[in-house]
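What follows is a short report on a single structure.
The values are calculated or read from the model by the stated rules, or taken from the named source; none is laboratory data. Treat the numbers as computed from the prediction; the structure is a model and nothing was measured. Ideal geometry is used to build each Cβ from the backbone, glycine not excepted, and the neighbour counts take in all protein chains shown. With ligands, DNA and RNA removed, areas are computed over all heavy atoms of the protein, side chains included. Shrake-Rupley method; radii C 1.70, N 1.55, O 1.52, S 1.80 Å.
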Amino acid sequence: MASATDARYGQKETSDQNFDYMFKILIIGNSSVGKTSFLFRYADDSFTPAFVSTVGIDFKVKTIYRNDKRIKLQIWDTAGQERYRTITTAYYRGAMGFILMYDITNEESFNAVQDWSTQIKTYSWDNAQVLLVGNKCDMEDERVVSSERGRQLADHLGFEFFEASAKDNINVKQTFERLVDVICEKMSESLDTADPAVTGAKQGPQLTDQQTPPHQDCAC
Ligand code: GDP
Ligand code: MG
């Protein structure tokens, strides 16, 4: 796993040009909803039933192929700070996509979605894309949040919606791939209309920043 230092100072990342785009993605939501498990399932195809210690984890990197493009994903997991709602604004910097997660067996985690959404809107780039994910859909017997309520909230917030299970590997890959697709769609839309929020980067990722794709002409 790469370290945060590599990412911040770009040593390793800038020398590795073996990709067309790089997207920084954040997984956020209440503690215990399954964020770390979801990341491990996606990046390593593993699941650990015991509580996964988040301490020391910065991010994982995974390169995928979408529409003939190599896209390097830098996926960040909150290192437990979500418990205290003390995620620093620096964490949000440069993020192009978010997976906002709740647990379908935990009402409180669902009620917190609105707050997380407000945080994203306050601290992140205007064009950042968000997918709402109701995790632990394998636990049907203990479900307290119906799919319908999840979908309605996603519609209300303007996000796409998936139910998923890190445990049973349901919709994990699909969630990331859909997020990458909506980021690509938004990028090409913005570049078509020469949106200054993207090209001028008032609040957006800096074009010189290594977290910005090396090419601006997204055609995916
Ligand atoms: P985080 O605090 O959001 O990072 O959550 P963790 O990934 O540490 O998961 C919290 C607990 O939920 C752990 O005991 C996991 O094994 C469990 N868990 C995570 N995802 C799932 C899932 O999809 N299904 C089930 N049944 N349990 C899960
Ligand atoms: Mg965790």
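Observations
- The range 113-134, residues that are of a type outside the set (Phe, Trp, Tyr), open to solvent by less than 10 Å² (accessible area, probe 1.4 Å) and more than 15 Å from residue 155 (Cα to Cα): 120, 124
- Tabulated pairs, the range 52-64, first of a type in the set (Lys, Arg), second modelled with pLDDT under 80, C-beta under 7 angstrom, 6+ apart or interchain: 60/1
- When 23, 110, 19 are checked against the criterion of being open to solvent by 10 Å² or more (accessible area, probe 1.4 Å), under 16 Å from residue 130 (Cβ atoms), away from ligand 2 (no atom under 16 Å from the Cβ) and at pLDDT 75 or above, a single residue qualifies: 110.
- Where residue 154 falls short, out of the listed (1) in contact (Cβ under 8 Å) with a residue 24 or more places away in the chain; (2) in contact with an Asp or Glu (Cβ under 9 Å, 6 or more places away or on another chain); (3) buried (at least 19 other Cβ atoms within 10 Å of the Cβ): (1)
- Inter-residue pairs, beta-carbon under 9 Å, first closer than 23 Å to residue 65 by Cα and more than 13 Å from ligand 1 (Cβ to nearest atom) and in the range 21-40, second of a type in the set (Gly, Ala, Ser) and part of a helix (DSSP H, G or I), 6+ apart: 24/7
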